[in-house]
Amino acid sequence: MPSRTRKFRGLRTHGRGIKAGRGAGKQGGRGNAGLHKYKFKSMLIYAPDHFGRHGFKRPPETAHDPTTLNVGELDALVPQLEAAGALARDGSAFVADLTKVGIERLLGKGASARSWKVIVAHASRHAREKVAVVDAAAPAAAARSP
């Protein structure tokens, strides 16, 4: 019995039609080829969201990323606070005005060896438990509070 290949010798297309034996001809291209042309109807059924934009991206000028500092990093910041004139002493506690150094938010990670009174715009709940936080809107009241 002759092999299938041997059987088709001399028959130009080997029984596959004109383009079926070359590449991805009979399936209409590879992958997503033709989704805007001859495969458009199948795209509408099986992948209707394939084309176009999706979602929303906020413009970078409207997004605000506040400058943050952890409670555990306060001790290392002492030289910079002194240089900026943002550090004072109130008895045994240090009083730091973080708004003068450009820090907008105090977070509660870590611990400090010293006792602190901090003037900052926003502070997390854990930061308020670890240090005395004074609202930046009332810095004069911070100096008077014990």
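We did not get these values from a lab; they are worked out from the coordinates using the rules stated. Just so it is clear, the model here is predicted, and its values are computed rather than measured. Backbone-built Cβ (ideal geometry, glycine too); neighbour counts: all protein chains shown.
Quick notes on this one:
- The mean sequence distance of close C-alpha pairs (under 8 Å, at least 6 residues apart), as a share of the length of the chain, puts its relative contact order at 15 percent.
- Within the same chain, lysines fewer than 8 places from residue 117 are excluded, and of the rest, those with a Cα less than 16 Å from its Cα are 100, 130.
- Rounded to 5, the percent of DSSP beta bridges in the chain classed as antiparallel: 25 percent
- Candidate lysines - alpha carbon under 29 Å from residue 7, same-chain residues fewer than 8 apart omitted: 19, 26
- Cα shape, the range 68-144, gyration tensor, a/c 1.5 rule: rounded
- Net charge dipole, the chain: roughly 2800 debye, given to the nearest 20, about the Cα centre with Cβ charges of +1 for Lys and Arg and -1 for Asp and Glu.
- Kirkwood Rh, angstrom, the chain [1 / mean 1/r, Cα pairs]: 21.7 Å
- Whole-angstrom gap from the range 54-68 to the range 90-122, using each part's C-alpha centre: 27 Å
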